[in-house]
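J.: I have a structure here, written as structure tokens, and I will follow up with some questions on it.
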Amino acid sequence: MVSNNYTLTKTKILSGLQCHKKLWFDLHDPKKKEHNWILEKGFRFENIVRENYSKNYGKVLDLSGDWEDVVSKTMLGIKSNDIEVIFEGAFIYLDTLVRADVLIKNKKGWELLEIKSSTKLKDTHISDIAIQSFIVKKCGVNLTSIKLIHINKDFTYEGGDNYEDLINDTNDITSKVILKEKEVSSYIKDLIPLAVEKKSPSISMGDHCNNPHTCDYQSRCKAIEPKTNITSYEILPWCTKKVKEYCVEKKIKDLQKVPTDLLVSQRKGYVQDYHKIIQAVHKSNKPWFSPDLKNAIKEFNFPYYFMDFEYVNQGVPIIKGTQPYYRLPFQWSVHKWESIDKKIKPSDEKPFLEFDDQDIEKKFIESLLKAVGENGTIFAHNAGPVEISILKGLKEKDNCKHLIDKIDKLIERTVDTQILVGENFYHPKMKGKYKLKEIIKAIPSDVSYEEKDNIAGGTEAQLAWFILTDTKTLKSEKELQKKLLTDYCAKDTLALYYLVKHLMDSLEHESDKYDKVDM
């Protein structure tokens, strides 16, 4: 096994650079890492890289997935006259373990290559790779150059499992990394003492919680933060810098104590001065409905259709004619509401679900057009960036161009319920959030996203796609994932029904059910 005589890893150092409290949790009370689609995407790209280098070089030492004496195996590989490539070599120095993605032997030494499934070099990559190169060098390995391997965003998959051009390994970052290496030993010396600290550091939440990555421990920190803490971004969405600075200076953490004249907010898709409305709603603890809501609803025509898409960023494309980060639509759900006097049942849903069919996009749009007919208003939440954007992308596909006119008409019929809510409705239970899963908590419905082991968001839906397109996945697991996806997507469209119904019901009871909000 890898020697246990180390405290830090590259990942832990990066945690500590983001927040000492985050690292303390990693060391003393780690949260189980949830499997996600981003990891799956990375694994697939790593496999493509390994396959490519294994074909193009001589003898390979692949230590990926190996933890048995891996440090000694790595050094034997480094000293060997035969080994030309090492995958996942392990090195320990200054109480810190790192694993190097790829090491390639050359005449003067070794080349270090780090695999990232992004499409370009990011600033965070330099610190990441510098930690590795510093420790690898300190273990006696002569690194002649350092490169980043990343995805070629211009690659188009043409089939035949040919991914050679997907790999971009021309990004030499040696000079940048060498400059950053000088800081690594101080990082380690600064972070090592956290391993013996009995209490977590006292650090308030702030911008660092999501920069450069979203911290896994935010729920723990939120539990001890005031519920109306401005810096938590829970109450004032897109809070202005002026408000933040004022609250920090005056030590104000209660939204209700923020001077109203500071809450001047304007954003496309939201009613003017929506920050003032949010504050007033939380002061009164009563929902707000816009006087313009009635006019907005007059524009809708029955039958109503409630529509939701799921898509995936493949990373390694498996559908011909697609690129690494093209949003491939693989699922839609539609509920139809015939008239105001009829009710919708969960079983009324019409679904589409495909994964690796080479004609998936054509089947997706043809079946959708059939499901929504030619008349009636179509509702989708956050439709502009998702559903409408995907529909516009399908118009560019050769096998869908004959449907351009029909797609355009579908787009014209689509109403974005996030904009509808942003301009016309706010409830204190939304806590400053306008996602459908937050809105549904604030209105009467039979929909819940809280069930254990169910898919509860788009990121989990993307993970399901990766599971379903993995040749190693058991048939039983695939059937389970299909059911979870179908249930989840149908839940979203049913939630849209309850949302629109609630807005319409509010007009009938407007005078006696809700009080006006004073601002």
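J.: Can you grab the distance from the C-alpha centre of region 135-150 to the C-alpha centre of region 435-464, Å, no decimals?
T.: Centre-to-centre (Cα) distance: 45 Å.
J.: Nothing charged except the Cβ atoms of Lys and Arg (+1) and of Asp and Glu (-1): what's the magnitude of the dipole of region 134-197 about its Cα centre? Round to the nearest 20 debye. Intermediate results must be reported in sequence, preceding the final value.
T.: Numbers: 8 positive and 11 negative charges, 118 e Å.
Dipole of region 134-197, to the nearest 20 debye: 560 debye.
J.: For the pair Asn5 and Gln358, what calculated FRET efficiency results from E = 1/(1 + (r/R0)^6), where r is the Cβ-Cβ distance and R0 = 41 Å, to the nearest 0.05? Please report the intermediate quantities before stating the final value.
T.: Numbers: r = 51 Å, r/R0 = 1.25.
Efficiency, rounded to the nearest 0.05: 0.20.
J.: So with the 1.4 Å probe, I'd like the accessible area per residue for region 358-482, rounded to whole Å².
T.: Numbers: 6180 Å² over 125 residues.
Dividing the accessible area of region 358-482 by its residue count gives 49 Å².
J.: Take the solvent-accessible surface of the protein heavy atoms, probe 1.4 Å, and return the percent of it on region 382-519 that carbon and sulfur atoms account for. Write down the numbers at each step before the final one.
T.: Details: 3450 of 7070 Å².
Taking all protein chains in place, region 382-519 shows 49 percent carbon and sulfur surface.
J.: Per residue and in Å³, how big is the convex hull formed by the alpha-carbon atoms of region 49-186?
T.: On the way: hull volume 15.7 nm³, N = 138.
Spelled out: Cα convex hull of region 49-186, divided by residues, is 114 Å³.
J.: Taking a threshold of 23 Å on the Cα-Cα distance, which of the pairs Lys431/Lys482; Lys21/Lys198; Lys395/Lys483; Lys116/Lys180 fall above it?
T.: Numbers: Lys431/Lys482 32 Å; Lys21/Lys198 12 Å; Lys395/Lys483 30 Å; Lys116/Lys180 18 Å.
Where the Cα-Cα span goes over 23 Å, the pairs concerned are Lys431/Lys482; Lys395/Lys483.
J.: Rounded to the nearest 20 debye, what is the charge dipole size of the chain about its Cα centre when +1 sits on each Lys and Arg Cβ and -1 on each Asp and Glu Cβ? Write down the numbers at each step before the final one.
T.: On the way: 81 positive and 79 negative charges, 303 e Å.
Its charge dipole is roughly 1460 debye.
J.: Using only Cα atoms and rounding to the nearest 10 degrees, what angle (0 to 90) does helix 123-138 make with the longest principal axis of the chain?
T.: Between the helix axis and the principal axis of the chain, the angle is about 20 degrees.
J.: Another question, then. Using only the alpha-carbon atoms, how far is helix 274-284 inclined from the longest principal axis of the chain? Give it as 0 to 90 degrees, nearest 10.
T.: With rounding to tens, the tilt is 70 degrees.
J.: Report the calculated FRET efficiency for Lys401 and Asp254 (r = Cβ-Cβ distance, R0 = 56 Å), to the nearest 0.05. Present the calculation step by step, with values, prior to reporting the outcome.
T.: Details: r = 56 Å, r/R0 = 1.00.
Step by step, r from the Cβ atoms, then E = 0.50.
J.: So what's the angle, to the nearest 10 degrees on a 0 to 90 scale, between helix 458-468 and the longest Cα principal axis of the chain?
T.: The answer is roughly 60 degrees.
J.: Another question, then. Could you sort 410-422, 44-56, 23-35 so that the peptide with the highest average Cβ count within 10 Å comes first and the rest follow in order? Mind showing how you got there, number by number?
T.: Values: 410-422: 19.0, 44-56: 17.0, 23-35: 14.4.
Averaged packing, sorted descending, gives the order 410-422, 44-56, 23-35.
J.: Could you work out the relative contact order of region 292-376, using alpha carbon pairs under 8 angstrom and six or more residues apart, expressed as a whole percent?
T.: Details: 118 pairs, mean separation 25.6, N = 85.
30 percent.
J.: What whole number of Å gives the distance from the Cα centroid of region 90-118 to the Cα centroid of region 245-272?
T.: Value for the Cα centre distance between the two parts: 48 Å.
J.: Hey, if you put +1 on the Cβ of every Lys and Arg and -1 on every Asp and Glu Cβ in region 108-186, which of Ile146, Thr156, Leu166 ends up farthest toward the positive end of that dipole?
T.: Checked the options; the winner is Ile146.
J.: What is the percent carbon and sulfur in the accessible area of region 303-373, measuring with a 1.4 Å probe over the protein chains and ignoring ligands? Provide the component values of the computation, followed by the final result.
T.: Details: 1380 of 2820 Å².
Solvent-exposed carbon and sulfur of region 303-373 make up 49 percent of the total.
J.: Using unit Cβ charges (K, R positive; D, E negative) and no other charged atoms, how large, in debye to the nearest 20, is the dipole of region 288-446 about its Cα centre?
T.: Numbers: 25 positive and 25 negative charges, 80 e Å.
Approximately 380 debye in magnitude.
J.: Between beta-carbons, use under 13 Å as the cut-off and find the net charge around Asp29, counting Lys and Arg +1, Asp and Glu -1. Walk me through the numbers before you get to the answer.
T.: Working: positive: Lys21, Lys22, Lys31, Lys32, Lys198, Lys199, Arg220; negative: Asp26, Glu197, Asp216.
Overall, the nearby charge balance is +4.
J.: Could you give the length gained on full extension between Ser202 and Asp487, defined as 0.36 nm per residue of separation minus the Cα-Cα distance, in nm? Working shown, then result.
T.: Numbers: separation 285, 0.36 × 285 = 102.60 nm, distance 4.19 nm.
Here the segment from Ser202 to Asp487 would lengthen by 98.4 nm.
J.: Please compute the Cα-Cα pair-distance distribution of the chain with 10 Å bins starting at 0, giving whole percents from short to long.
T.: 3, 15, 22, 23, 20, 12, 4, 1, 0
The values are calculated or read from the model by the stated rules, or taken from the named source; none is laboratory data. Keep in mind that this is a model prediction, so the values were computed, not measured. Backbone-built Cβ (ideal geometry, glycine too); neighbour counts: all protein chains shown. To get the accessible areas, we keep the full protein, side chains included, count just its heavy atoms, and leave off ligands, DNA and RNA. Shrake-Rupley method; radii C 1.70, N 1.55, O 1.52, S 1.80 Å.
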